[in-house]
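Only one structure is covered here, and it is reproduced in the block below.
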Amino acid sequence: MKIRKYLPAGALALGLACYYLRRILYSVYVDGTGLLKTGTALEWSIYALTALSVLLFAMAARKQMDLTPNPASAAVGQCIGGLGLGWTALRYPGEMPGMLGNLWRILGIASALCLIWSAWCTFRRKNTPFLFSLAPCLFWLTHLIDNYRGWSGQPQLQSYLFALLATMSMVLFTYHTAGETVDMGKPRMRCFSALSAGFACLAAILGPDKTQPLWLSCAIWAVTSLYAPKNPKKTE
């Protein structure tokens, strides 16, 4: 179906719509203590939009959406993702002190370099080395652990829900991306996780300033990855 080629842009558009609704929610329905008034029609509309988006992405992935390969677009997306990861890791420390926070920063810088090299491989239609694809997955797993304490201390789910969903989507996306480099990937899951990550990352932008460039860059990286060549040449 011709509509499939618009799904990457559609995922971003739905993510922006969710971000806009969340922005209105926090500008209108916050009480004197700074807490969100729960149960409003606007809040439920955000949940409904999220559920419908996930259903749409699942249907697209089930039908194995095939896009015309565009190595240049996929490579640019990887560069943008790498720059976002590197800038965030260089500028900010991890959430938790000590070894875990330092590991988050080290993996962020390493992932940025690996993504930039992966972009070069994608542009040349060559397969990215497995360890280079694995580094971003390790970063997002560390990001999930590193932010867990802060999220669990939040009094309301809405304040961290989309950051959690975005992180989990990126873990799945990078996991299946790495799996494809060794012929162990699942194309349907990779498609679903890429579209979900594009949506959730944009919706999560309404959060701490330090994560905004990270979410924006990773949303672009995730959806443009769907334009990567399907059968790249093996790296010699």
What are the residues in the range 125-136 that are open to solvent by 40 Å² or more (accessible area, probe 1.4 Å) and without any contact (Cβ under 8 Å) to a residue 60 or more places away in the chain, if any?
Phe130, Leu131, Phe132, Leu134
Residue count for the range 145-160, restricted to those that are closer than 25 Å to Leu55 by Cα and in contact with a Phe, Trp or Tyr (Cβ under 9 Å, 6 or more places away or on another chain)
3
Could you tell me whether Leu161 is out of contact with any Cys (no Cβ under 8 Å at 6 or more places or on another chain), at pLDDT below 95 and open to solvent by less than 40 Å² (accessible area, probe 1.4 Å)?
yes
Hey, can you tell me all the residues within the range 80-111 that are open to solvent by 20 Å² or more (accessible area, probe 1.4 Å), in a loop (DSSP other than H, G, I, E, B), in contact (Cβ under 8 Å) with a residue 24 or more places away in the chain and of a type outside the set (D, E, K, R)?
Tyr92, Met96
Which of (1) of a type in the set (Phe, Trp, Tyr); (2) modelled with pLDDT under 90; (3) in contact with a Ser or Thr (Cβ under 6 Å, 6 or more places away or on another chain) is the odd one out, the single condition Tyr148 does not satisfy?
(3)
Pick from Ile220, Ile205: which is open to solvent by 20 Å² or more (accessible area, probe 1.4 Å) and modelled with pLDDT of 95 or more?
Ile220
Count - residues of the range 41-79 that are assigned to a helix (DSSP H, G or I) and either out of contact with any Lys or Arg (no Cβ under 7 Å at 6 or more places or on another chain) or among the hydroxyl-bearing types (Ser, Thr, Tyr) (or both)
26
Given the condition open to solvent by 70 Å² or more (accessible area, probe 1.4 Å), more than 14 Å from Leu67 (Cβ to Cβ) and modelled with pLDDT under 85, answer yes or no: does some residue in the range 2-16 qualify?
no
Only residues that are open to solvent by 90 Å² or more (accessible area, probe 1.4 Å) and of a type in the set (S, T, N, Q): list them for the range 61-79, please.
Thr68
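The values are calculated or read from the model by the stated rules, or taken from the named source; none is laboratory data. Everything quoted here is computed from the prediction, not taken from an experiment. With ideal geometry, Cβ positions are generated from the backbone for all residues, glycine too; neighbour counts draw on all protein chains shown. Accessible surface is based on the protein model in full, side chains and every heavy atom, while ligands, DNA and RNA are left aside. Shrake-Rupley method; radii C 1.70, N 1.55, O 1.52, S 1.80 Å.
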